[in-house]
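S.K.: Here it is, the structure, as structure tokens.
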Ligand code: ATP
């Protein structure tokens, strides 16, 4: 129990709405929890900042962020700003600058909600996807040559380092060990990509030797995508490279009931830097400003943040409140088949804390 300083970066679009809702819920939770003290400092960075100042966040921003215990992030993306700029100058600048190499995505069908898969219920889907978040296909290495000429060429170089692979695979095995089934699926594509992916495989064989209690299996990413649909109950913890896990975890979120609920954490396991927690959805400009965005993804992200801050009891209490609201099913936003607003869902979750 203690005092935690949180940097809030609402960002763009509905990020602003769901992070405001999340702060409201967390403040209500802290009020009800003896010894839990959460303070928020909000930073107005994102595409509006870019339009005004030519950059998504000011120079020295990460130095300022470094002093916080955690970062609570909304989303970045705006039709006025090229996507690669909004992504690289804000979210990825923080993830890479703070060495948040482990991205975690718990995926469950919450009580009362439905998977689009026929005959699949809450008991069939309880996954933890661990994504390598610092290199691989999104390392940023590469370049453009002969720009705008007939020979125009673009290269994105996928990079796997031995140490980068070791640390994420160890992290995933440790996470699998904390879960009841102690099972980890290792995802690769070393049949087609014969350099970096083969190193990825080799390091897995080395690291897993120290985990005889964890059941592991190995799958090619294409087959894994099919398995999420055809045999969801066989999956528990999954580890994959940056691109593969990016795609698989969006598939997983859709199979578990939608983008509006899914949370994620960008974790620096050594805690040298703050970690960052965010709903997985984007800025959803189609519904922005209408007060109808689903805030549950941002609330569940707050649960991950509380766990990371060493407040698992407070996190569990918030998770129970979220699940009470989905189970009752009376107050849900439109994306979950309801009619309620962001504010109504927020109030109902706060009431369910008691
Ligand atoms: P970005 O370009 O920033 O990644 P996006 O606008 O493409 O974001 P996503 O957030 O990926 O959109 O979501 C796709 C669609 O799903 C949105 O256009 C929106 O209609 C719906 N959606 C996403 N998140 C939510 C939410 N929290 N509540 C309600 N609907 C949502």
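The values are calculated or read from the model by the stated rules, or taken from the named source; none is laboratory data. Everything numeric in this text was worked out from a predicted model, so none of it was measured. As a convention, Cβ positions derive from the backbone with ideal geometry for all residues, glycine included, and neighbour counts pool all protein chains shown.
S.K.: Given (1) under 12 Å from the mean Cα position of the chain (by Cα); (2) crowded, with 24+ Cβ neighbours inside 10 Å; (3) away from the ligand (no atom under 13 Å from the Cβ), identify the lone condition not met by residue 314.
M.R.: (1)
S.K.: Going through segment 90-121 one residue at a time, which ones are in a strand (DSSP E or B) and either surrounded by fewer than 17 Cβ atoms within 10 Å (Cβ to Cβ) or within 16 Å of the ligand (Cβ to nearest atom) (or both)?
M.R.: 103, 105, 107 - these are the residues of segment 90-121 that are in a strand (DSSP E or B) and either surrounded by fewer than 17 Cβ atoms within 10 Å (Cβ to Cβ) or within 16 Å of the ligand (Cβ to nearest atom) (or both).
S.K.: In addition: From (1) assigned to a helix (DSSP H, G or I); (2) within 23 Å of residue 107 (Cβ to Cβ), pick out the condition that doesn't hold for residue 351.
M.R.: (2)
S.K.: Considering only segment 1-41, how many residues are touching a helix residue (DSSP H, G or I) at 6+ places or on another chain (Cβ under 8 Å) and either assigned to a strand (DSSP E or B) or closer than 20 Å to residue 291 by Cβ (or both)?
M.R.: 19
S.K.: While we're looking at this one, here's another question. Before we move on, is residue 207 assigned to a helix (DSSP H, G or I), without any contact (Cβ under 8 Å) to a residue 60 or more places away in the chain and surrounded by 17 or more Cβ atoms within 10 Å (Cβ to Cβ)?
M.R.: It is true that residue 207 is assigned to a helix (DSSP H, G or I), without any contact (Cβ under 8 Å) to a residue 60 or more places away in the chain and surrounded by 17 or more Cβ atoms within 10 Å (Cβ to Cβ).
S.K.: Does residue 227 satisfy being more than 16 Å from the ligand (Cβ to nearest atom) and either touching a strand residue (DSSP E or B) at 6+ places or on another chain (Cβ under 9 Å) or without any contact (Cβ under 8 Å) to a residue 40 or more places away in the chain (or both)?
M.R.: Yes, satisfied.
S.K.: Which of the following residues is assigned to a helix (DSSP H, G or I) and out of contact with any strand residue (DSSP E or B) (no Cβ under 9 Å at 6 or more places or on another chain): 201, 213, 222, 246?
M.R.: Details: 201 fails: out of contact with any strand residue (DSSP E or B) (no Cβ under 9 Å at 6 or more places or on another chain); 213 fails: assigned to a helix (DSSP H, G or I); 246 fails: out of contact with any strand residue (DSSP E or B) (no Cβ under 9 Å at 6 or more places or on another chain).
Residue meeting the stated conditions: 222.
S.K.: Return the only residue of 302, 343 being within 16 Å of the ligand (Cβ to nearest atom) and in contact with a helix residue (DSSP H, G or I) (Cβ under 6 Å, 6 or more places away or on another chain).
M.R.: 302
S.K.: Can you name every residue in segment 2-22 that is without any contact (Cβ under 8 Å) to a residue 60 or more places away in the chain and either more than 16 Å from the ligand (Cβ to nearest atom) or not assigned by TED's automatic domain parsing to the domain that holds residue 77 (or both)?
M.R.: Passing the criteria: only 3.
S.K.: Another question, then. Read through the list (1) surrounded by 15 or more Cβ atoms within 10 Å (Cβ to Cβ); (2) out of contact with any helix residue (DSSP H, G or I) (no Cβ under 6 Å at 6 or more places or on another chain), then give the number of the only condition that residue 228 fails.
M.R.: (2)
S.K.: Okay, moving on. Applying the selection to segment 250-290, what residues are part of a loop (DSSP other than H, G, I, E, B), touching a helix residue (DSSP H, G or I) at 6+ places or on another chain (Cβ under 7 Å) and more than 11 Å from the ligand (Cβ to nearest atom)?
M.R.: 269, 274
S.K.: Are any residues in segment 251-268 surrounded by fewer than 21 Cβ atoms within 10 Å (Cβ to Cβ), touching a strand residue (DSSP E or B) at 6+ places or on another chain (Cβ under 9 Å) and farther than 20 Å from residue 160 by Cα, and if so, which ones?
M.R.: Residues satisfying the conditions are 255, 259.
S.K.: Taking the stated definitions as given, is residue 320 without any contact (Cβ under 8 Å) to a residue 40 or more places away in the chain, over 19 Å from the mean Cα position of the chain (by Cα) and within 14 Å of the ligand (Cβ to nearest atom)?
M.R.: no
Quick grid of which residues meet (1) modelled with pLDDT under 95; (2) buried (at least 21 other Cβ atoms within 10 Å of the Cβ); (3) under 21 Å from residue 282 (Cβ atoms):
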| site | (1), (2), (3) |
| --- | --- |
| 3 | yes, no, no |
| 14 | no, yes, yes |
| 22 | no, yes, yes |
| 42 | no, no, yes |
| 59 | yes, no, no |
| 69 | no, no, no |
| 75 | no, yes, yes |
| 88 | yes, no, yes |
